[in-house]
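The values are calculated or read from the model by the stated rules, or taken from the named source; none is laboratory data. Quick caveat: nothing in here was measured; it's all calculated off a predicted structure. Every residue, glycine among them, receives a Cβ derived from its backbone with ideal geometry; neighbour counts consider all protein chains shown.
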Amino acid sequence: MAPVVAPGPTPGAAPADATRLFDGTSLSAWVKVAGGATSSTPMRSPTGDLVPADWPIKDGTLEVGRGSIMTRESFGDVQLHLEFAEPAPARGTGQERGNSGIKFMGLYEIQVLDSFQAPTYADGAVGAIYGEYPPLVNAARPPGEWQTYDIVFEAPVFRDGALISPAFATVFLNGVVVQLRRPIMGATSPTTTPHAYAPTPAEMPLLLQDHSSPVRFRNIWIRRLSGLDRPGAK
């Protein structure tokens, strides 16, 4: 028999086994990132402590600002649910229009961008695996409306420093599949060309990117998937 997981009481609500990363009230699950939008290094105080995240929270939503943030916990294979809204009225063009991003393990980015009737390069649109795969379709809602990401991320596997299996991503944007178990070609940072793998731990933090656009987020939760298909898993 499959293990029992109680679903959320309403569509989009966190199931019983999820870790709530943002419930509308607290950023306790997050810390600040040192450096700019492409960094994935946690910021530390002079005493070596992680610096708590300080993005503004208003009316149950989280607004990008004051540098990128990353989770205190580390994750590998996961299911992520996240809701976001682009600035309204729309501002800027191309990559300057509502830019943010979700970086699994701090390395593998699913793009957040206002792509509603707003052209940009194909693998930089919302729903893209940044710099690698354009979305299968453009399922963006207008700026100001809440949008949903549901993402299954499979972490890369290394053995003795060698890549055994790449990372994979399946992405639903607003209920529409935009990436179907795509094999990620390596860290998606624009400073890493061509994209390639280097050995990493099995689990690393999730990162939300500050790209100087006031994108808003809400209802962020994550489920660990590793082990669910093993006998006796709970």
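Considering (1) within 17 Å of V64 (Cβ to Cβ); (2) in contact (Cβ under 8 Å) with a residue 40 or more places away in the chain, say which one Q111 fails and leave the rest.
(2)
So how many residues does region 1-60 have that are exposed (fewer than 14 other Cβ atoms within 10 Å of the Cβ), among the β-branched types (V, I, T) and under 21 Å from P214 (Cβ atoms)?
Qualifying residue count, region 1-60: 1.
If Q111 passes every condition in (1) under 23 Å from P194 (Cβ atoms); (2) out of contact with any Phe, Trp or Tyr (no Cβ under 6 Å at 6 or more places or on another chain) but one, which one does it miss?
Unmet condition: (2).
Check whether at least one residue in region 134-142 is at pLDDT 95 or above and under 24 Å from T200 (Cα atoms), and report yes or no.
So far as region 134-142 goes, no, none of its residues is at pLDDT 95 or above and under 24 Å from T200 (Cα atoms).
So which residues in region 7-55 are out of contact with any strand residue (DSSP E or B) (no Cβ under 9 Å at 6 or more places or on another chain) and in contact (Cβ under 8 Å) with a residue 60 or more places away in the chain?
The one that is out of contact with any strand residue (DSSP E or B) (no Cβ under 9 Å at 6 or more places or on another chain) and in contact (Cβ under 8 Å) with a residue 60 or more places away in the chain: T38.
Take the residues of region 131-168 that are in contact with a Leu (Cβ under 6 Å, 6 or more places away or on another chain) and touching a residue at least 40 places away in the same chain (Cβ under 8 Å): which is farthest from D59 (Cα to Cα)?
The qualifying residue farthest from D59 (Cα to Cα) is I151.
Here are the criteria: (1) assigned to a strand (DSSP E or B); (2) in contact with a Pro (Cβ under 9 Å, 6 or more places away or on another chain); (3) of a type in the set (A, V, I, L, M). Tell me which single one A90 does not satisfy.
Failed condition: (1).
If only one of E154, E145 is charged (D, E, K, R) and either crowded, with 16+ Cβ neighbours inside 10 Å or in contact with a helix residue (DSSP H, G or I) (Cβ under 8 Å, 6 or more places away or on another chain) (or both), which one is it?
Exactly one of E154, E145 is charged (D, E, K, R) and either crowded, with 16+ Cβ neighbours inside 10 Å or in contact with a helix residue (DSSP H, G or I) (Cβ under 8 Å, 6 or more places away or on another chain) (or both), namely E154.
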